[in-house]
Amino acid sequence: MKKILFLTLVAGALIVSSCTNKNNNEATPDQNNTEQVAEQEATTLTDQLSAAIEASDSTQLQKALLAVNDKVTSLDKEQATLVLNKVQQFLRTKDAQIKNIITTTSPITTLYNNISQMTAETIETVSKLPADAEKAAQQAAEGTVNDVKNAAQQQVNEAAKQVNDAKKAVNQKVQETQKAVDKKVQEVREAPQKAADQAKKKTGEAIDAAASAAKKGLGL
């Protein structure tokens, strides 16, 4: 009887151990779901990246990279790590094509490098990259437009100044010419009067001289 009881206990222990090992080796439903979601998310992201790379479109590529960053920073750490690993594997196979699309100094290059080098531990530290990258790109575009506008406005202002300076010079010349004409006209008008006054003066001087001579002749 004791022998039968002992064998029963041993058999029970083996069954429990077998079940425990089986449960440890099998993935839980939650784990399966996490991997499935990560696979779907990664496929969506790599499809966007692939389309941008095939089109050699830097703007589209930047949007796809921003989508990657947004996604991995919004997921929990486990899902984010799975998605990130799959995306990074894809990026490594397309590295040469991507570097032909982007420049070494553009915001998109910084974004690409950060995603390529990102780890599960650094995901949180780059959560602000989308806003920063978009802001930098927008500021760069606005700066270029403003530079063009400012240069154009400066040329317009310079041209207007030259026109105003020319108008002032013409007006000054007209005024000087008008003064010269007025002076000449006045001289012409005054010439007869000056001649008459001069003749009258000479006549008076002659009369005075004659009178003086006559007086002397008369002993006066």
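The values are calculated or read from the model by the stated rules, or taken from the named source; none is laboratory data. Source: prediction; values computed, not measured. Cβ atoms come from the backbone with ideal geometry, glycine included; neighbour counts cover every protein chain shown. These area figures cover heavy atoms from the full protein model, side chains too; ligands, DNA and RNA do not enter into them. Shrake-Rupley method; radii C 1.70, N 1.55, O 1.52, S 1.80 Å.
Among residues of segment 104-122 being over 18 Å from F90 (Cα atoms) and assigned to a loop (DSSP other than H, G, I, E, B), the one that is modelled with the lowest pLDDT is T105. Given the condition among the hydrophobic types (A, V, I, L, M, F, W, C) and modelled with pLDDT of 90 or more, answer yes or no: does some residue in segment 69-81 qualify? Checked segment 69-81: no residue is among the hydrophobic types (A, V, I, L, M, F, W, C) and modelled with pLDDT of 90 or more. Of the residues making up segment 144-180, those that are of a type in the set (V, I, T) and modelled with pLDDT of 75 or more number 1. The set of residues from segment 171-200 being open to solvent by less than 90 Å² (accessible area, probe 1.4 Å) and hydrophobic (A, V, I, L, M, F, W, C) comprises V174, A180, V181, V185, A191, A195, A196, A199.
Consider segment 59-84 and keep the residues that are open to solvent by 60 Å² or more (accessible area, probe 1.4 Å) and either touching a Phe, Trp or Tyr at 6+ places or on another chain (Cβ under 9 Å) or touching a residue at least 40 places away in the same chain (Cβ under 8 Å) (or both). The one that is farthest from N33 (Cα to Cα) is D70. Conditions first: (1) assigned to a helix (DSSP H, G or I); (2) at pLDDT below 75. G219 passes all but one, so which condition is the exception? Against the list (1) assigned to a helix (DSSP H, G or I); (2) at pLDDT below 75, G219 comes up short only on (1).
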